[in-house]
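Everything on this sheet refers to the single structure shown next.
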């Protein structure tokens, strides 16, 4: 069955190289696969997992799970000089915390391993030899100084060229030695390709024909390890990857990758390049500009449900059940898996707005405390912070606080930063709500068990309003901080503490008079 989806046209520009991009403004066939997709997340363990990387992992995971396929983790650790000692563990811990389940990977194993590139050296040696034998790769012995001079001279050409190597070593029968690298003999012209987000693309390097240079990328480094370009093509083919979802910054590399697939006689996977993440000022996110580590979100009291919901909307929008009527953006992982479709990927840069993250966190906190199982897990997770900040070794108290206060919280840390009055006496300060000095003594003489009835008794016997009674009681119990409903707060405090705080507030007012 053919499904018709949205029609659109697109234009795309890259700073380097010539390009021609077009897509007819007509109804097109759905781009979402109807057979199981095999996808992968292939991070380099050179730093901690951040928002951009999590989005890449999530979209690949959602596509695999929506279609009944498999999601792979592959560690691209060939840049040995930049590896961070605990980055690999951070990747695992971050994905686990976000409930992204790995089907095949370095720890999980699988039919197409190893899943760590540094363990695949023999495989790369086999396939680089195939290209050498075909004359589609060659050894290069040029010094670093010569390569630097080539880059400098390329930039001075008029018009300049975006590729720099002159193929000096292609015509020489260079024997491999300790400092040699292996280059790809790129085609004279790259073939156009179809991107699932941007349509048909024809990306060519800019050349100066009076001083011809070539896009002969390095495939194998002098240390015997492959470059990203080579390893990711070989691995994606051998691991039977059907779809590659990755950031838009990889678009200029895609023609090179497709040329490598063609050199081996392989069909490339389908590519979908998703938009850049930017700040509200439209600056690309970086470690200095808002793109922080995922596990640091946990330390800020953010739930994994919230960060997943937040990240899912960076380049994808949920389908509308009714045309013209927006769908709810607050979604669980199961709902995201069910709703995810490549047809609803978007092209414009995704602006990261932290306020939306906290909006989702408030929603998911309210939902989480409704589930006894999730409530128990939240209690266990937050208890170390609660104990450290308060010195109170009482998990049952924290569980009750979460149960009652959860729907009012924006993040878990507000328990200690804003709502400390729940477990310790509030600090009173002026101004005191009007009529408080009349209301509190009356409540002190009434039983604590039925607060709403007490309010009614006071109102029936005086000119006082319900608002005045509530303001007076909230001042006494929390110092005026809103959050819990007063009946729930009284229940949580208990009758003795409730009466004690009423008396403390009366004493404060007397001393301040």
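The values are calculated or read from the model by the stated rules, or taken from the named source; none is laboratory data. Small disclaimer: the values here were computed from a predicted structure and weren't measured. For neighbour counting, all protein chains shown are included, and Cβ atoms are generated from backbone atoms with ideal geometry for every residue, glycine included.
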Lone unmet requirement of (1) touching a strand residue (DSSP E or B) at 6+ places or on another chain (Cβ under 9 Å); (2) touching a residue at least 40 places away in the same chain (Cβ under 8 Å); (3) assigned to a loop (DSSP other than H, G, I, E, B) for residue 102 = (2)
Residue count for the range 345-359, restricted to those that are exposed (fewer than 15 other Cβ atoms within 10 Å of the Cβ) and either more than 17 Å from residue 317 (Cα to Cα) or touching a helix residue (DSSP H, G or I) at 6+ places or on another chain (Cβ under 7 Å) (or both) = 2
In the range 114-139, which residues are more than 37 Å from the chain's Cα centre (by Cα), closer than 24 Å to residue 77 by Cβ and not in a helix (DSSP H, G or I)?
-> 137
Within the group 94, 53, 44, which residue is within 17 Å of the chain's Cα centre (by Cα) and closer than 23 Å to residue 346 by Cα?
-> 53
Matching residues, the range 367-380, being under 21 Å from residue 423 (Cα atoms) and surrounded by 14 or more Cβ atoms within 10 Å (Cβ to Cβ) | 369, 375, 378, 379
Would you say residue 240 is surrounded by fewer than 16 Cβ atoms within 10 Å (Cβ to Cβ) and touching a residue at least 40 places away in the same chain (Cβ under 8 Å)?
-> yes
Residues in the range 295-306 that are within 20 Å of residue 327 (Cβ to Cβ) and touching a residue at least 60 places away in the same chain (Cβ under 8 Å): how many?
-> 1
Meets criteria (out of contact with any strand residue (DSSP E or B) (no Cβ under 9 Å at 6 or more places or on another chain) and in a loop (DSSP other than H, G, I, E, B)) for residue 404 = no
Is the range 390-400 home to any residue that is under 33 Å from the mean Cα position of the chain (by Cα) and in contact (Cβ under 8 Å) with a residue 60 or more places away in the chain?
-> yes
Evaluate the range 446-455: report whether one residue or more is on the phi > 0 side of the Ramachandran plot and outside the structural domain of residue 420 (by TED's automatic domain parsing).
-> no
Check the range 187-208 and report whether any residue there is farther than 25 Å from residue 271 by Cβ and modelled with pLDDT of 90 or more.
-> yes
When residue 441 is run through (1) farther than 16 Å from residue 482 by Cα; (2) in a loop (DSSP other than H, G, I, E, B), the failure sits at (2)
Residue check: is residue 212 more than 30 Å from residue 240 (Cα to Cα) and either in contact with a helix residue (DSSP H, G or I) (Cβ under 6 Å, 6 or more places away or on another chain) or exposed (fewer than 12 other Cβ atoms within 10 Å of the Cβ) (or both)?
-> yes
Residue 156: over 17 Å from residue 207 (Cβ atoms) and under 41 Å from the mean Cα position of the chain (by Cα), yes or no?
-> no
Could you tell me which of the residues 298, 320 is at pLDDT below 95 and more than 17 Å from residue 93 (Cα to Cα)?
-> 320
Taking the range 401-417 as the search range and keeping residues that are in contact (Cβ under 8 Å) with a residue 12 or more places away in the chain and surrounded by fewer than 18 Cβ atoms within 10 Å (Cβ to Cβ), which one is nearest to residue 371 (Cα to Cα)?
-> 403
